[in-house]
1. Can you name every residue in the range 212-243 that is outside any helix (DSSP H, G or I) and closer than 20 Å to residue 81 by Cα?
2. Residue check: is residue 96 modelled with pLDDT under 95 and either among the basic types (Lys, Arg) or on the phi > 0 side of the Ramachandran plot (or both)?
3. Quick one: which residue in 178, 165 is of a type in the set (S, T, N, Q), out of contact with any Gly (no Cβ under 6 Å at 6 or more places or on another chain) and closer than 22 Å to residue 115 by Cα?
4. Of the residues in the range 6-26, how many are at pLDDT 95 or above and hydroxyl-bearing (Ser, Thr, Tyr)?
5. On the given criteria, is residue 222 surrounded by fewer than 18 Cβ atoms within 10 Å (Cβ to Cβ), touching a strand residue (DSSP E or B) at 6+ places or on another chain (Cβ under 9 Å), of a type in the set (A, V, I, L, M, F, W, C) and within 20 Å of residue 96 (Cα to Cα)?
6. In the range 225-238, how many are in contact with a strand residue (DSSP E or B) (Cβ under 9 Å, 6 or more places away or on another chain) and either of a type in the set (A, V, I, L, M, F, W, C) or under 22 Å from residue 121 (Cα atoms) (or both)?
7. Of all the residues that make up the range 211-234, how many are acidic (Asp, Glu) and modelled with pLDDT of 90 or more?
8. What is the one condition in (1) free of Cβ contacts under 8 Å to residues at least 12 places away in the same chain; (2) over 21 Å from residue 253 (Cα atoms) that residue 58 does not satisfy?
Amino acid sequence: MESHEKSVTQEQQQKIDEVRSTVGPIPETLRRYCSDASIARYLQNQNWNVQKATKMLKESLKWRSEYKPDEIRWEDVAHEAETGKIYRSTSVDKKGRPVLVMRPCRQNSSNVAGQMKYLVYCIENAMLNLPAGEEEMIWVVDFWNFKISNISMKVTKELAHILQNYYPQRLGVALLYNPPWIFEQFYKMVKPFLETRTRDKVKFVYSNDSSTMKIMEDLFDMEQFESVLGEKAAESFDINVYAQRMKEDDEKRRSLNNKGNDVSTLSG
C-alpha cells in the first residue's frame with residue numbers, strides 16, 4: 001500500500017480533505033479512487049491548487065464511471081497484445097517499479113479505440129503491480145525496426161490525454177531508446193500537447209551515447225535489463241506465457257475488488 005503521510009504537511013492534508021469534501025458524495029465503486037494518496041497526486045499535479053485539483057479529479061471519476069477501466073480484462077484486449085507491441089516486463093527498475101515496454105514496430109491495429117483500451121489495461125496492470133511505497137511506473141519505448149508509419153498523431157495525442165488527465169503523477173520516466181531522426185521530428189510536433197511535467201520525464205537514450213545511456217543505467221540493473229531491448233527481446237516475446245501472467249493478474253484484481261479492499265493505490 002502507498003503512504004503519503006510521510007511527506008504531506010498539515011496544510012496539505014487540509015487541502016486533501018477540502019478536495020474530498022468539495023467532490024461530495026460519490027458511488028461506492030469510486031470511493032477507492034478518492035483515498036488521501038490518490039487525491040494528493042491530483043493536488044501535486046496542480047501545484048496544490050484545490051480548485052484545479054478538484055476539477056481534474058471530478059473529470060477523472062466521470063471517466064472511470066463511464067469507461068470502467070478497472071473492469072477491462074485480458075480477453076477484452078488479447079487481440080491487441082498478440083505481437084508484443086506493449087507489455088509489462090518481468091524486469092523492474094532499481095526501486096521495484098513496473099516497466100511497460102512499447103515497440104511501435106509491432107503495431108498490429110489501426111483501431112484507435114482498441115489501441116487505447118489496451119493501453120489503459122496495461123496502465124491499470126502496472127498500477128496493480130506497484131511495490132509498497134511507490135506510485136509510478138516506467139515506460140521504455142524501444143525503436144528497434146521502427147518506421148514512421150508505425151505511429152500516428154491521433155493515437156499519440158489520445159495517449160497523452162489519458163495519461164495526463166486520468167493518471168496524474170503515475171509516470172516516473174519515459175525512455176525513448178534509439179529513436180531515429182524521423183521520430184525526433186515527429187516528437188517536435190507532439191511536444192505542444194505535453195504538459196511541462198510530462199515533457200520533463202521524457203528522456204532520449206542512445207546505445208552509442210554513454211551520457212544518455214547513464215540515464216538508463218541509473219534506473220536499471222543493466223545486466224538484467226539489456227535482455228528487454230532490441231531484436232532478440234522482440235523476437236522472444238511469447239503471447240501464451242504473457243497471457244497467463246495477465247489472467248493471473250486479472251484474478252488478483254478481481255479478488256481485491258470482491259474483498260472490498262481499498263485499491264485506490266492501484267489506479268487513478
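The values are calculated or read from the model by the stated rules, or taken from the named source; none is laboratory data. All values reported here derive from a predicted model rather than from experimental measurement. Backbone-built Cβ (ideal geometry, glycine too); neighbour counts: all protein chains shown.
1. Within the range 212-243, the first condition is being outside any helix (DSSP H, G or I), and the residues that meet it are 220-221, 229, 237-238.
Those that are outside any helix (DSSP H, G or I) and closer than 20 Å to residue 81 by Cα: 229, 237, 238.
2. Values: modelled with pLDDT under 95: no; either among the basic types (Lys, Arg) or on the phi > 0 side of the Ramachandran plot (or both): yes.
When the stated conditions are applied, residue 96 does not pass them.
3. Details: 178 fails: closer than 22 Å to residue 115 by Cα.
Among 178, 165, only 165 is of a type in the set (S, T, N, Q), out of contact with any Gly (no Cβ under 6 Å at 6 or more places or on another chain) and closer than 22 Å to residue 115 by Cα.
4. 2
5. Working: surrounded by fewer than 18 Cβ atoms within 10 Å (Cβ to Cβ): yes; touching a strand residue (DSSP E or B) at 6+ places or on another chain (Cβ under 9 Å): no; of a type in the set (A, V, I, L, M, F, W, C): yes; within 20 Å of residue 96 (Cα to Cα): yes.
Spelling it out, it is not the case that residue 222 is surrounded by fewer than 18 Cβ atoms within 10 Å (Cβ to Cβ), touching a strand residue (DSSP E or B) at 6+ places or on another chain (Cβ under 9 Å), of a type in the set (A, V, I, L, M, F, W, C) and within 20 Å of residue 96 (Cα to Cα).
6. The first filter runs over the range 225-238 and keeps only residues in contact with a strand residue (DSSP E or B) (Cβ under 9 Å, 6 or more places away or on another chain), leaving 225, 227-230, 233-234, 237.
Those still in the list that are either of a type in the set (A, V, I, L, M, F, W, C) or under 22 Å from residue 121 (Cα atoms) (or both) too: 225, 228-229, 233-234, 237.
Number satisfying all stated conditions: 6.
7. Quick first cut of the range 211-234, residues acidic (Asp, Glu) only: 217-218, 221, 223, 226, 231.
Now narrow it down to the ones that are modelled with pLDDT of 90 or more: 217-218, 221.
Final tally of qualifying residues: 3.
8. (1)
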